[in-house]
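Asks: Sharing a structure with you now.
The values are calculated or read from the model by the stated rules, or taken from the named source; none is laboratory data. Computed from a prediction, not measured in an experiment: that's the story for all the values here. All Cβ positions, even for glycine, are placed from backbone atoms using ideal geometry, and neighbour counts span all protein chains on display. These area figures cover heavy atoms from the full protein model, side chains too; ligands, DNA and RNA do not enter into them. Shrake-Rupley method; radii C 1.70, N 1.55, O 1.52, S 1.80 Å.
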Amino acid sequence: MTNWIKELQSIVGDENVLISPDELLVYECDALTIHKRAPRAVIFPTTTEHVSRSVKVLGEQGIPFVARGAGTGLSGGALAEAGGVIIELSRMNRILEIDWENQRAIVQPGVINIALTQAVATRGYHFAPDPSSQPTCTIGGNVAENASGPHCLKYGVTTDHILGLEVVLPDGRIINLDRHGAVALGYDLVGLFVGSEGMFGIATRITVRLTRLPRAVKTLMADFPTVEAASQTVSDTIAAGVIPAAMEMMDQATVRAVEESVFASGLPIDAAAVLIIELDGLPVSVDYESSRVVHFCRANGARHVIVARSEAERERLWAGRKNAFGALGRINSDLMVQDAVIPRSRLPEVLPEIYRIAERYRLRMACVIHAGDGNLHPTLCFDGRDADELRRVDAACKEIMELCVRVGGTLTGEHGIGLDKVKYMSLIFSEADIEAMARVRAVFDPRGLCNPGKVLPVHRCKAF
Amino acid sequence: MIGSMTALNHMIDSEMDKLRACVHCGLCLNVCPTYIERGDENDSPRGRLYLMRAVAEGRLPPTTSAFARHIDLCLGCRACETACPAGVRYGRLWEAVRADIAARQQPVHLIGRFQRFVLNRLFVSRRRLRWLFAPARVLRRSVLLDRLARMPILPLRLKKVFMLLLATRPPRIERFRPSVQSDDVREDHDADRTTTFPTRQAVALFAGCVGRELFDHTNRATIKVLQEHGRRVINLKEHVCCGALHVHAGEVETARELARKNIDIFELSRGETLITNIAGCGAMLKEYGELLADDPDYRRRAQSFARRVRDISEYLMDIGFRPGPRPVNVKATYDAPCHLFHAQRVTKAPVELVRRLPGVTFIPLAEAHVCCGSAGIYNLIHPQLAGEILHRKLNNVRRTGADVLLTGNAGCLMTLQSGVIEMGWDIQVMHLIELIALTYE
Ligand SMILES: Cc1cc2nc3c(=O)[nH]c(=O)nc-3n(C[C@H](O)[C@H](O)[C@H](O)COP(=O)(O)OP(=O)(O)OC[C@H]3O[C@@H](n4cnc5c(N)ncnc54)[C@H](O)[C@@H]3O)c2cc1C
Ligand code: SF4
Ligand code: SF4
């Protein structure tokens, strides 16, 4: 056995190192299975110290490494490129401290997003970023991807809820980044680290902001005869100055898949599009705003507008929406999800165009949309064993991306660039832009050992 | 070896569509007790499916010990199915893979080999079972058992066996016996009883093989409650083991034979419904249709049989449950057996029943639908992991402050009760039907 493996074993314990190829196989992909790279080893640290010492050993050998949370990423971010080692944080999953007075909590990076919310819900708080992968994804992964969720429309994305970080730098040194309150002293390195896709180091302790649960919540479901009508409702609502807590759209293909699943929430399967709109805040404002929203829905030709009458009904609506991605597995077993963002006002014209692209390539597509912020997830459902279909998927993705960029949009709203979208970076950024990013990265990781091969299209700092 | 390897590939091939249904979203990870404990993707549902798929695609030889080990470490609790939006039928796949591993290799554990003998030779006959359990019944009544179970020098697994046996003793319910002050008793009750249930519908009771030998008290309680609801109860004396243990251990052919016998016996009994109070049996009985899908003689009959099976809690809710009049003053909580919650999807009925019992304060249990680690003889084969899983469960139970922990499955009951005894806590674990029965006394 190689020496560095022995050293890792002596740091984290024999049982916390996987090296048999048979057991490394499952670590070859995240939730976007189209990309596969098996790691050379997987280690399970339980302390910051473990992470720091392991990273040092790997650094001495020039072996690249990558942090992994729950592997729910949708951009191939947690894959070990170039024969790297995965540092799996699932066992660093303790909530270390809850500071009720200052409404913050300190957690280890492997804490599951929803576990934190559950731990603070009894006293009326939650951790606001609520990606649909909430029951599984880790807060470390959320930080790395600057994850978002349906309710981030009103409450802000992950970075708005991160107050401090303990980070193991790629050379093994441990630093503490802080932004007490809203502003940082000196440079806002917390802001820089959040969304760095695991390339600036490994977060080992995260201080998060806890948010009060709203006093009142109202959740509506409206269904429309056309996608355009639903998109127009979204635009009208926001133009009128109403900011719902969440505003989610599902197209017909998605609704059908959800209704077939165990999470069926009674959505009409003959509608072209369904909107789920949630309003929260003080009871009076919720009532007023919901009457406005109902008005916009009706004015745009909604066939039904239904208000959830109980918490159970509300939960059922959300369960349907949040399990939509998995439910698409009923259409076909390989999924390629896009994550483009476009200016909200262009939704009514861009969506039909995307359907036309899928049609042209003879691909089945389902679409969920964080409609409130123009974040689209057109998802192509295909059979990965069919080489020709695979090629068509690739070509369609490229066209969809180009379309979105053309109307003033961008590549990713929340899933990150990772491995998957590196090829599109030049659609948006110039050489100089990318150069600047590479230099920032080099400050944290001059040797390029930490999650190489992601985000930046040119491998400037290749280690070997 | 080669021949059986292709058999495995063939089997997985035929299940390929089910395997491919997994889109790798990971939404099943944190309901899986082994993943929660170990945090290793290989011990998660998504990972196990990935391994099966790799075998099917020829990327992983099915003979690797890692494959067998991670499949073996699965509890078969099927919590992952309840969480899966894509509708992956994990349980079916897992059972099929287990069957093949069992056919191909000698069991990894000595206990496994012994298990195979017991299942294929002893558990197939009612008479042999009586003999098998006779010493257990004698020992159970003796104080010797208390000593044995607490002897420090015994090997861990043997100790566990004694502990489990200790846990099958009838619950000490004297202390909960309802007070008979008549003002507590609801007056309208007796009148109701006769008017609501005019027909004496006949139902058959599947007493369970271990149930019949060790849980007579549970069966008696079940009969009592059914009678209180105007049912005539046919005791299916001749029924054999449901076959769940066999399917779990990969002995599918034996399971099919047992299923055929049970179908014959139930048909002869002329019962309308087949009632079980053991979640594991219920789940199996309800799957006879699929188990015998390729049997031209039995396919139809198996399907109609399966449709008539009801867990006692589900059945009571269906027919309009009437609790007895006497209050039982306890704080109770309920742990959902996986085979009831995940496999049969009977999720609300048991809690609903308990909530309606006079005098009972119901306290919900955190993570009630996560496996307790019992899973057949899992706790004997993997005592350490099972112990960690059980610990998490017991701590949750402790936090409720309940003095009675209810369940609906013999295996869970034994595991939970033995855990409680080991902790030295004063919590009584019992089948919920026994608490219900107390309200009629
Ligand atoms: C069904 C489904 C629904 C989803 N819905 C949403 C959604 O609504 N919104 C959304 O934003 N995303 C969503 N995602 C994507 C994904 O869940 C998020 O990106 C999530 O933040 C990833 O967390 P993870 O723990 O799984 O990270 P992983 O996939 O394990 O890793 C993701 C990246 O984070 C890095 N990383 C992980 N931990 C650390 C750490 N401690 N320090 C530094 N780097 C680290 C990894 O190196 C990798 O680059 C969804 C995914 C699925 C499968
Ligand atoms: S939830 Fe279902 S589809 Fe998703 S990973 Fe688990 S088994 Fe696969
Ligand atoms: S059956 Fe239970 S133990 Fe097995 S993979 Fe599913 S959730 Fe995990």
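Asks: Restricting to strands (runs of 3 or more DSSP E) lying wholly in region A:13-116: which have 2 or more residues that are more than 14 Å from chain B (Cβ to nearest Cβ) and more than 14 Å from ligand 1 (Cβ to nearest atom)?
Replies: A:95-99, A:104-107
Asks: May I ask you to list the residues in region A:1-32 that are hydroxyl-bearing (Ser, Thr, Tyr) and surrounded by fewer than 19 Cβ atoms within 10 Å (Cβ to Cβ)?
Replies: Across region A:1-32, the qualifying residues are A:THR2, A:SER10, A:SER20.
Asks: Just give me the residues in region B:70-84 being more than 9 Å from chain A (Cβ to nearest Cβ) and either over 19 Å from B:ASP40 (Cα atoms) or not in a loop (DSSP other than H, G, I, E, B) (or both), in sequence order.
Replies: Once the filter is applied, which keeps residues that are more than 9 Å from chain A (Cβ to nearest Cβ) and either over 19 Å from B:ASP40 (Cα atoms) or not in a loop (DSSP other than H, G, I, E, B) (or both), region B:70-84 yields B:ILE71, B:ASP72, B:ALA79, B:CYS80.
Asks: Hey, can you tell me all the residues within region A:263-275 that are at negative phi and free of Cβ contacts under 8 Å to residues at least 60 places away in the same chain?
Replies: Passing the criteria: A:ALA264, A:SER265, A:LEU267, A:PRO268, A:ILE269, A:ASP270, A:ALA271, A:ALA272, A:ALA273, A:VAL274.
Asks: For region A:145-165, state whether one or more residues are under 26 Å from A:ASP339 (Cβ atoms), part of a strand (DSSP E or B) and open to solvent by less than 10 Å² (accessible area, probe 1.4 Å).
Replies: Checked against the condition, which is being under 26 Å from A:ASP339 (Cβ atoms), part of a strand (DSSP E or B) and open to solvent by less than 10 Å² (accessible area, probe 1.4 Å), region A:145-165 yields at least one hit.
Asks: Can I ask one more? Check B:PRO33, B:PRO62, B:PRO45 and return the single one that is open to solvent by less than 20 Å² (accessible area, probe 1.4 Å) and more than 10 Å from ligand 3 (Cβ to nearest atom).
Replies: B:PRO62
Rundown of residues vs (1) away from chain B (no Cβ under 14 Å); (2) touching a Leu at 6+ places or on another chain (Cβ under 6 Å); (3) part of a loop (DSSP other than H, G, I, E, B), yes/no style:
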| position | (1), (2), (3) |
| --- | --- |
| A:ARG309 | yes, no, yes |
| A:GLU313 | yes, no, no |
| A:TRP318 | no, no, no |
| A:PHE325 | no, no, no |
| A:GLY329 | no, no, no |
| A:ARG346 | yes, no, no |
| A:LEU351 | yes, no, no |
| A:ALA358 | yes, no, no |
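Asks: So which residues in region A:378-418 are within 16 Å of ligand 1 (Cβ to nearest atom), more than 21 Å from A:LYS454 (Cα to Cα) and within 14 Å of another protein chain (Cβ to nearest Cβ)?
Replies: Taking region A:378-418 and keeping what is within 16 Å of ligand 1 (Cβ to nearest atom), we get A:378-381, A:410-418.
Then keep just the ones that are more than 21 Å from A:LYS454 (Cα to Cα); that gives A:378-381.
Scanning region A:378-418 gives A:THR379, A:LEU380, A:CYS381.
Asks: May I ask you to list the residues in region B:349-394 that are open to solvent by 40 Å² or more (accessible area, probe 1.4 Å) and within 17 Å of the chain's Cα centre (by Cα)?
Replies: B:HIS369, B:GLY376, B:ILE377, listed by residue number.
Asks: Hey, any hits in region B:18-33 for a residue that's near ligand 2 (Cβ under 9 Å from one of its atoms), in contact (Cβ under 8 Å) with a residue 12 or more places away in the chain and touching a strand residue (DSSP E or B) at 6+ places or on another chain (Cβ under 6 Å)?
Replies: Yes, region B:18-33 has at least one match.
Asks: Continuing with the same structure: Could you please let me know if B:GLY250 is under 22 Å from the mean Cα position of the chain (by Cα), touching a residue at least 24 places away in the same chain (Cβ under 8 Å) and assigned to a loop (DSSP other than H, G, I, E, B)? First the steps, then the outcome.
Replies: Working: under 22 Å from the mean Cα position of the chain (by Cα): yes; touching a residue at least 24 places away in the same chain (Cβ under 8 Å): yes; assigned to a loop (DSSP other than H, G, I, E, B): yes.
Judged against the criteria, B:GLY250 is a match.
Asks: Name every residue in region A:49-76 that is out of contact with any strand residue (DSSP E or B) (no Cβ under 8 Å at 6 or more places or on another chain), open to solvent by 10 Å² or more (accessible area, probe 1.4 Å) and under 15 Å from A:LYS36 (Cβ atoms), in order of residue number.
Replies: Residue satisfying the conditions is A:GLY73 alone.
Asks: Right, next: Give the number of residues within region A:38-48 that are farther than 18 Å from A:VAL167 by Cβ and surrounded by fewer than 24 Cβ atoms within 10 Å (Cβ to Cβ).
Replies: 4
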